[in-house]
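Accompanying notes for the structure given below.
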Amino acid sequence: MEGGRKGFLFTAIMTSGAGFLSAFSPNYVALMALRFLVGIGLGGGPVLGSWFLEFVPAPSRGTWMVVLSAFWTVGTIFEASLAWVVMPKFGWRWLLALSSVPSLLLLLFYAITPESPRFLCMKGRTMEAVDVLEKMARLNGAQLPSGKLVSDKNIELDEVSESATLLAATAKAAKEEENDNIKEDEGSDFGGFKSVSKLLSPKLLRATLLLWMAFFGNAFSYYGIVLLTSELSNGNRICAKQEVESVHSNNSSLYKNVFISSFAEIPGSFVSIMIVDRIGRRLSMASMLFTSCVFLFPLVFSRTEILTRISLFGARLCISASFTIVYIYAPEIYPTSVRTTGIGVASSVGRIGGILCPLVAVALVHNCHQTTAILLFELVVFLSGVAVMFFPFETKGCRLNDTEADMH
């Protein structure tokens, strides 16, 4: 794999470029094609979380990952505010163009974005890893511990070639060996398929499958609750054609509802910070998912306006907290060699849940099957909570593993 820094660049270019061009779409097909490219770019977003994770010390890793995830909430509120102001007066083209600006700003930081030292060391590029660590030490007014940074990969190569002089090699020889390692990596990974296959190895199979279930359920439920905020905001009066007409005739009310409900994610972030490093990842996720079930349950029997708002606000608070924590847990369970691939594939499974949500659950609401839709959400959230309870290990306070051999 190419590392977090390349993922950073890919995400910024794809989302900003395709996002801005979509504002000039001449027809619906072009718009869908460009938004599809935006989705591909956004799919690289989890790479940034994986990259950031490798710079954070284990005792406070959960807290800082929640802080990073909180900017998703900030972006959600900002986008809802932007739509509320821009759409009624200027239309969707201006909204899409302005929405691409934050991604474009990411490019300004690329030049100063370091590659993960853990990733560099794993690839045998120890000199580059040392350079990054020295810069980090200078910025923090600290000194690196004495000794020499040794790459596990270089040790393996040393054992194969029966060479006992690797650690005593000159800087020039070390650099040449690193270049050889880089070339070997480029030709041996088969475009990433080898890394994907490792996710289904005996040591990772259970964790991978359960993680996919958790991602699917969280995404399905999160985006479903966001959509239900507008679908059920008028209590039980939404139905088929009448609902479609009301949505189109009252766009400002729709953006207002999304804007208000987005604030549920703020207390969700605070809850995540309070519990993720105290009671652990698994219990935090499970408790949030099951509590979300509790909030949604009253809507099975009654959907008055006030009850709907309270239930959806509480459910979104909990599901956003769970979604935040699963993005912390996912990169922690995988070794560095497949961490980026693991979080990327899991996030893609989650995207499938986000795609199916409006096609299945919200369609039920449109066809006056609100109770069935709520029960479906209840089932998905509950099964996600059960999957979380069966995760093979807890990662709170644990060091990150570099290879499968390091896993216990």
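The values are calculated or read from the model by the stated rules, or taken from the named source; none is laboratory data. Computed from a predicted structure; not experimentally measured. Note: ideal-geometry Cβ built from the backbone for every residue, glycine included; neighbour counts use all protein chains shown.
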- Message: When you scan the range 324-333, do you find a residue that is polar (S, T, N, Q), in a helix (DSSP H, G or I) and buried (at least 24 other Cβ atoms within 10 Å of the Cβ), even just one?
- Response: yes
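Sort through S384, S348, S320 and tell me the only one that's among the small types (G, A, S), more than 23 Å from I266 (Cβ to Cβ) and in contact with a helix residue (DSSP H, G or I) (Cβ under 8 Å, 6 or more places away or on another chain).
Numbers: S384 fails: more than 23 Å from I266 (Cβ to Cβ); S320 fails: more than 23 Å from I266 (Cβ to Cβ).
Result: S348 is the single residue among S384, S348, S320 that is among the small types (G, A, S), more than 23 Å from I266 (Cβ to Cβ) and in contact with a helix residue (DSSP H, G or I) (Cβ under 8 Å, 6 or more places away or on another chain).
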- Options E156, E162, E186, E178: the member that is buried (at least 16 other Cβ atoms within 10 Å of the Cβ) and at pLDDT below 80: E178
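Are any residues in the range 19-31 loosely packed, with under 12 Cβ neighbours inside 10 Å and part of a helix (DSSP H, G or I), and if so, which ones?
Passing the criteria: Y28, V29.
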- Say whether the condition of being within 18 Å of L299 (Cβ to Cβ), in contact (Cβ under 8 Å) with a residue 12 or more places away in the chain and assigned by TED's automatic domain parsing to the domain that holds C318 is met by at least one residue in the range 349-356. no
- Message: Could you tell me how many of the residues in the range 103-126 are in a helix (DSSP H, G or I) and crowded, with 16+ Cβ neighbours inside 10 Å?
- Response: 9
- Could you count how many residues in the range 31-81 are out of contact with any helix residue (DSSP H, G or I) (no Cβ under 7 Å at 6 or more places or on another chain) and under 30 Å from V130 (Cβ atoms)? 7
- Filter the range 273-297 down to residues that are of a type in the set (K, R) and within 20 Å of the chain's Cα centre (by Cα), then give me how many there are. 2
- Message: Just to be sure before I move on: is V67 among the hydrophobic types (A, V, I, L, M, F, W, C), out of contact with any Ser or Thr (no Cβ under 6 Å at 6 or more places or on another chain), within 17 Å of Y329 (Cα to Cα) and in a helix (DSSP H, G or I) in the structure I sent?
- Response: yes
